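Here's the structure we're looking at; comments come further down.
Nothing in this text is a laboratory measurement; each read-out follows from the coordinates by a stated rule. Everything numeric in this text was worked out from a predicted model, so none of it was measured. Quick reminder, even Gly has a Cβ in these numbers, built from the backbone with ideal geometry, and neighbours come from all protein chains shown.
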Amino acid sequence: MIISMRRNSTRQEIEQVCERVRDFGYKIHSIEGEERVVIGVVGVGDVTPCLESVEAMPQVENAVRISAPYKFVSREFRREDTRIRVRDCEIGGEDFVVMAGPCSVESERQILETAYAVAAGGAQLLRGGAFKPRTSPYEFQGLEEDGLKLLDRARRETGLGIITEVMSDRDVDLVASYADILQVGARNMQNFALLKCLGRCGKPVMLKRGLSSTIRELLMSAEYLVAHGNPHVILCERGIRTFETATRNTCDIVAVAVLEELTHLPVLVDPSHATGKRSLVPALSRAAVAIGADGLIVEVHPCPEKAMSDGAQSLDIGQFHRMMRDLDGYVALRKQMTAALTPV
């Protein structure tokens with residue numbers, strides 16, 4: 001349930017409403033706004049008696065049920081877009097944010113060379129895996145904390161924020177001590193112990209859609225993060241598993257538009273995992289701009305043919321720079337069209 005207070009309600013009037021809600025056995029999840037306060041309420045059972053009681057209070061403008069099962073990530077709860085500030089960039093705002101870097105942190109030279117190169121190309125954040133979930137137990141699993149230290153050095157030298165994956169609730173505190181954004185990979189989208197822990201970590205989280213997950217399931221996983229205290233959630237469409245074999249996954253590009261309707265959270269596209277082929281990454285990146293995504297997370301490696309993981313889908317430095325130059329025109333055009341369609 002969402003309770004909208006009358007403009008300029010006093011702190012005492014707000015607390016009276018909160019007490020009334022608690023009397024019915026419900027919990028206050030969040031209180032947002034200054035001049036016009038909106039109170040989020042959660043609980044189980046029929047909310048009708050509580051809703052009618054609260055609506056009768058003179059300081060309440062209106063109270064409504066949230067019909068979506070994902071309460072606090074829905075557009076019903078928050079109409080305006082969530083904007084997440086990470087160092088010098090804002091995700092979910094007017095800018096198209098690009099996160100770029102290798103699949104895995106392999107060495108000091110590799111990550112520093114890549115960091116300087118993607119920064120020069122216009123990326124705002126450096127991606128790189130220190131902990132790697134691999135299908136085979138015999139493949140490279142990442143440098144773990146040594147990899148995090150290398151990412152931290154790259155951040156200090158280039159000024160880029162860093163995003164890196166966390167695989168276990170046991171590692172959340174460690175990864176959060178280094179990363180600006182913690183990434184939840186597709187295989188862990190419904191790792192609820194991990195999601196609960198990330199809800200309490202105090203750092204933004206990027207949640208990737210699971211390989212066979214519906215949009216509703218993605219939003220329910222995001223709800224876990226927000227319900228446990230973390231409103232700074234970014235969604236990522238990275239392709240789902242279908243019968244198609246021409247690409248590594250099938251990018252559900254329309255999911256970006258669907259999510260725009262259903263949630264206030266920012267949405268990114270991962271063209272590298274969605275296609276599995278570096279030749280297709282620029283085209284899908286252009287599509288991400290056109291459909292309204294808030295940014296990209298893309299794999300870049302100084303020497304893809306020698307990469308320890310995902311070399312086939314990684315752009316080299318030159319390809320990344322060319323793609324970014326091409327995207328500038330598309331991003332500028334999108335801003336012009338958005339401005340033209342925005343009511344004065």
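When you restrict to C-alpha pairs under 8 Å that are six or more residues apart and normalise by the size of the range 84-341, the relative contact order lands at 18 percent. Simple point charges give the picture: +1 on the Cβ of Lys and Arg, -1 on the Cβ of Asp and Glu, and for the chain a dipole about the Cα centre of about 300 debye. The HN-Hα couplings worked out from phi for the range 233-240 by the Karplus form 6.51 cos²θ - 1.76 cosθ + 1.60 (θ = phi - 60°) are 10, 10, 9, 9, 8, 10, x, 10 Hz, whole numbers, x standing for Gly and Pro.
Cut-off is 10 Å between beta-carbons; in what order do D180, D46, D88 appear when sorted fewest neighbours first?
Values: D180 19, D46 7, D88 10.
Lowest count first: D46, D88, D180.
Beyond 28 Å, how much of the Cα-Cα pair distribution for the chain remains, as a whole percent?
Details: 26259 of 58996 pairs.
Considering the chain, 45 percent of its Cα-Cα pairs are separated by more than 28 Å.
Computed over the range 1-89, the alpha-carbon pair-distance distribution with 10 angstrom bins reads 16, 50, 26, 7, 2, each value a whole percent.
For the range 238-287, which trypsin sites (Lys or Arg not before Pro) pass both filters: DSSP loop (anything but H, G, I, E, B) and at most 14 other C-beta atoms within 10 Å? Please report the intermediate quantities before stating the final value.
On the way: sites: R238, R241, R248, K277, R278, R286; in loops: R238, R241, R248, K277.
In loop regions of the range 238-287 (DSSP not H, G, I, E or B), the sparsely surrounded trypsin sites (Lys or Arg not before Pro) are R241.
Within the range 104-191, report the chymotrypsin sites (Phe, Trp or Tyr not before Pro) that DSSP leaves as loop and that have at most 11 other Cβ atoms within 10 Å. Please list the in-between numbers first.
Details: sites: Y116, F131, Y138, F140, Y178; in loops: F131, Y138, F140, Y178.
Here the chymotrypsin sites (Phe, Trp or Tyr not before Pro) that fit, given the DSSP loop and packing criteria, are Y138.
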